[in-house]
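The values are calculated or read from the model by the stated rules, or taken from the named source; none is laboratory data. Bear in mind that the values here come from a model prediction, so they are computed numbers and not experimental data. Cβ coordinates were reconstructed from backbone atoms using ideal geometry, including for glycine residues, and neighbour counts include every protein chain displayed. Protein only, heavy atoms only, side chains kept; ligands, DNA and RNA dropped before computing areas. Shrake-Rupley method; radii C 1.70, N 1.55, O 1.52, S 1.80 Å.
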Amino acid sequence: MAKLGPSGYSPYPVAVTEGVLTPPPGKALMFNEIVDEETAMREAAKAMLTRENPTIFPGPQVLYAWNEEAKKKAKLIKEMAEVLGAKIIPMYDYRPKYPKIDPEKEINPNHPNLTIWHNKIKACIFIGVHCHYANVALKIIRAETDCFTIAMCSLAGHEDAMITLRDQHAEDLEKFIRIAKEVKKELGK
Amino acid sequence: MSVKIFKINEELKEYMPQEIVDLEEKATWGNPKRGVMDLPYAKELVEEHSLCAGCPESAAFRYILASLPNPEDTIIVNSTGCTSLVFPHIALHTVHPLFGNQNAVASGIKRVLEWRFPDKVKDVVVIAGDGATIDIGLDCTLQSFFRQEKITTICFDNEVYANTGGQDSGATPKGMEFKMAPGGKQWDKVPMWQLAIDSGCHYVARLTVSSPKKVEQVVKKAIYVAREVGPTYIHLYTPCILEIGLNADQGLWEMRQRDKERFKFFEYMSDEAKEVIKKKKEEGLL
């Protein structure tokens, strides 16, 4: 068990208690630094392409076809997984599962570390997860695992992710896929 | 809420667990004629439950969830107790308020939904134990009846505070002993069904869950009457087999015994409720 200190009892992300806040519009957060979105995307792609068992965790906002944007994003996520050579494990809802989840097939925000431990995931992307549950999951992953977390958020981002990309809509996903292809080429993969 | 929210994106369907795909393809959404007869064929809205083996509450849950006429637009307000262990597992919107104030919270939800979605039918159903309904929450329960809130209240009466070790509750019959009430209950059981009638409920039923079809009928009647007229109340006997010293396979037997005495089927309808029920029968919904 990680020693979180007082931030473990805080309802806010651990990074917030250390003074790290979400990036301003048009920028991204990489660890505790505000950087250009493209720089962060490049590093995110590199992490996914070089670390073991990269995985994308799509949430309900992209898993369900509840609007046109969600349908577009679902296609792009599949393409993204192919480019990054990543697995897709869904976080389809937020109900706690009893008696336990099947970590090969699903991730639950209440104990996301189980899926990460079981599959030995060293890099992951959260996308389409509602912010409050992304915050809970990212806080647990940050405390309990050595997984490199990337949050692709359609709102303001998540401080507890190693890389936070904010305001991510379909066109931003297309941009990320383009950058990932470039990085893949540079890495000779 | 729209049923469309359950439609999985085709591109990502292959990654979804079968139980979630089944919720979209095999659950009975958008069909007011759904009922307990669908149970063997349709996907249930409760995947697994965390109650004890053989618990009659789990049967009550299955029957009630199978009988809701409008599950995609139903919000369930629950309360602390054994039942609250199940709610996180069901595929409907649920709200867990403080112990005892479930009817007050349900009133607020119903009023906001009527204001926010005036053209849609939204049902609010309270499911709480006897402690929450009759003891700690009696004030909120009765006040919601007095105010004629259009909500359905279902009380799971196991006649004891079961998950805290067995203290007597208002619903415990006189003389009954429990592990933490060794002297026996000194007063009579609160006749909550009668209080509900006196407080203005338009449809009231008292029964055990030994007959699934009967549970379906009262749940549907209560919800239809609550939609159009005012508060409705269902008093269900769901014995705690652990606290009364029965085995996992004896819950049904226990309920059948009580069917003949203190939980003999009882139903009350106001004149307005009778009208609604008659109309629904003509429409083939009951």
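Residue by residue, here is whether (1) under 21 Å from residue B:128 (Cα atoms); (2) in contact (Cβ under 8 Å) with a residue 40 or more places away in the chain; (3) assigned to a strand (DSSP E or B) holds:
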position: B:196; (1), (2), (3): yes, yes, no
position: B:204; (1), (2), (3): yes, yes, yes
position: B:220; (1), (2), (3): yes, yes, no
position: B:235; (1), (2), (3): yes, yes, yes
position: B:242; (1), (2), (3): yes, yes, no
position: B:252; (1), (2), (3): yes, yes, no
position: B:262; (1), (2), (3): yes, yes, no
position: B:276; (1), (2), (3): no, yes, no
Let me spell it out: the conditions are (1) modelled with pLDDT under 90; (2) surrounded by 19 or more Cβ atoms within 10 Å (Cβ to Cβ), and residue B:6 meets all of them except one. Which number is the exception? (2)
Counting only residues in the stretch A:49-79 that are more than 10 Å from every other protein chain (Cβ to nearest Cβ) and part of a helix (DSSP H, G or I), the one nearest to residue A:174 (Cα to Cα) is identified as A:69
Criterion first (in a helix (DSSP H, G or I), open to solvent by 50 Å² or more (accessible area, probe 1.4 Å) and either within 12 Å of chain B (Cβ to nearest Cβ) or over 22 Å from residue A:130 (Cβ atoms) (or both)) does residue A:46 satisfy it? yes
Restricting attention to the stretch B:37-46, does a residue exist that is more than 25 Å from residue A:87 (Cβ to Cβ), within 18 Å of the chain's Cα centre (by Cα), within 10 Å of chain A (Cβ to nearest Cβ) and not aliphatic (A, V, I, L, M)? no
How about the stretch A:101-123: which of its residues are in a loop (DSSP other than H, G, I, E, B), under 16 Å from residue B:17 (Cβ atoms) and open to solvent by 70 Å² or more (accessible area, probe 1.4 Å)? A:104, A:105
Breaking point among (1) within 14 Å of chain A (Cβ to nearest Cβ); (2) over 18 Å from residue B:234 (Cβ atoms); (3) open to solvent by 20 Å² or more (accessible area, probe 1.4 Å); (4) outside any loop (DSSP other than H, G, I, E, B), for residue B:112: (1)
Under the condition of being within 13 Å of the chain's Cα centre (by Cα) and hydrophobic (A, V, I, L, M, F, W, C), which residue from the stretch A:101-117 is nearest to the other protein chains (Cβ to nearest Cβ)? A:107
Single unsatisfied condition, residue A:29 versus (1) in a helix (DSSP H, G or I); (2) more than 30 Å from residue B:92 (Cα to Cα): (1)
May I ask you to verify whether residue B:93 is surrounded by fewer than 18 Cβ atoms within 10 Å (Cβ to Cβ), within 14 Å of chain A (Cβ to nearest Cβ) and farther than 23 Å from residue B:190 by Cα? yes
Taking the criterion of being surrounded by fewer than 18 Cβ atoms within 10 Å (Cβ to Cβ) and under 18 Å from residue A:48 (Cβ atoms), would at least one residue in the stretch A:134-146 satisfy it? yes
When residue B:169 is evaluated against the numbered criteria (1) open to solvent by 30 Å² or more (accessible area, probe 1.4 Å); (2) under 27 Å from residue B:59 (Cα atoms); (3) not aliphatic (A, V, I, L, M), which criterion, by number, is the only one it fails? (1)
For the stretch A:84-100, name all the residues that are over 18 Å from residue A:151 (Cα atoms) and either surrounded by 20 or more Cβ atoms within 10 Å (Cβ to Cβ) or facing chain B (nearest Cβ under 9 Å) (or both). A:95, A:96, A:97, A:98, A:99
Kindly establish whether residue A:11 is in a loop (DSSP other than H, G, I, E, B), open to solvent by 50 Å² or more (accessible area, probe 1.4 Å) and either touching a strand residue (DSSP E or B) at 6+ places or on another chain (Cβ under 7 Å) or not hydrophobic (A, V, I, L, M, F, W, C) (or both). yes
Just a yes or no: is a residue in the stretch B:55-78 over 22 Å from residue B:248 (Cα atoms), within 14 Å of chain A (Cβ to nearest Cβ) and among the β-branched types (Val, Ile, Thr)? yes
Anything in the stretch B:222-233 that is assigned to a helix (DSSP H, G or I) and open to solvent by less than 30 Å² (accessible area, probe 1.4 Å)? List them, or say none. B:222, B:223, B:224, B:225, B:226
